1. Under 15 Å from the Cβ of Leu82, count the other residues' Cβ atoms, weight Lys and Arg +1, Asp and Glu -1, and hand me the total.
2. Given 10 Å bins starting at zero, what is the percent of C-alpha pairs of region 105-176 in each, up to the one with the largest pair distance?
3. Tally Lys/Arg at +1 and Asp/Glu at -1 over every other residue whose Cβ is under 14 Å from the Cβ of Ala178; what's the total?
4. Which percent of the accessible area of region 86-185 is formed by carbon and sulfur heavy atoms (probe 1.4 angstrom)?
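The values are calculated or read from the model by the stated rules, or taken from the named source; none is laboratory data. This is a predicted model, so every value here is computed, not measured. Ideal geometry is used to build each Cβ from the backbone, glycine not excepted, and the neighbour counts take in all protein chains shown. In case anyone asks, the SASA skips ligands and DNA or RNA and just uses the protein heavy atoms, side chains included. Shrake-Rupley method; radii C 1.70, N 1.55, O 1.52, S 1.80 Å.
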Amino acid sequence: MTTPSDPRQSGAAEDHVRSGHSAHGENGHGAVTDQALGNYGSQSAPRSTTAGPLVRRPPEAWAGAVFLTLAALPAAVFGLLLAVQPGNIGVNLRARIDAANSTVSTDILLTVFRLAGAMIVVLAFLFLLFAWLAVRPRRGARPIATALAVLEVVLLAGAMVVAGVDAVSLGIVLLAVAGTVLLYLPRSQEFITARA
């Protein structure tokens, strides 16, 4: 008979543990518990699901989204007013069309303006959506936001060439350019690349 301090007893216990079993590590169905396996190294420790330290969203990315939002909002308001043509806006627009002595009927031109306004509202909504998806970030959102910013800048630049430079249009152009640039600064680039 061996005593608990007998070397033959402790050797047998160590062999039992090495084979994946322990006195308290086996449940009623013969499976070895995770605790026993983890304690004796026969099962690897759970791996971290993250690929590395999380990169924090930089202030430049937030500022870029805010600037692009401020650039898109006037377009959304203008498009909505053009699409709905409420109250005096519709009356004034009709009077201007009539005064221009256009060969196209006034009602057709008003319908064209409504459709153009609806299209501007949709583009402005997409601009807002992708500006914020770019800093979430979502894959492909930043290039789409950039393309919409370029479209807005080109259209406003064309309008300023025809009608003259005004402070509102110039401010919108500057906001769109600044917001786009902020999304491509090094820290924004690092964050978007790491998270997209």
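1. Residues near Leu82 contribute +3 overall.
2. Once binned at 10 Å, the Cα pair distances of region 105-176 give 19, 38, 32, 10, 1.
3. -2
4. Exposed carbon and sulfur together represent 74 percent of the surface.
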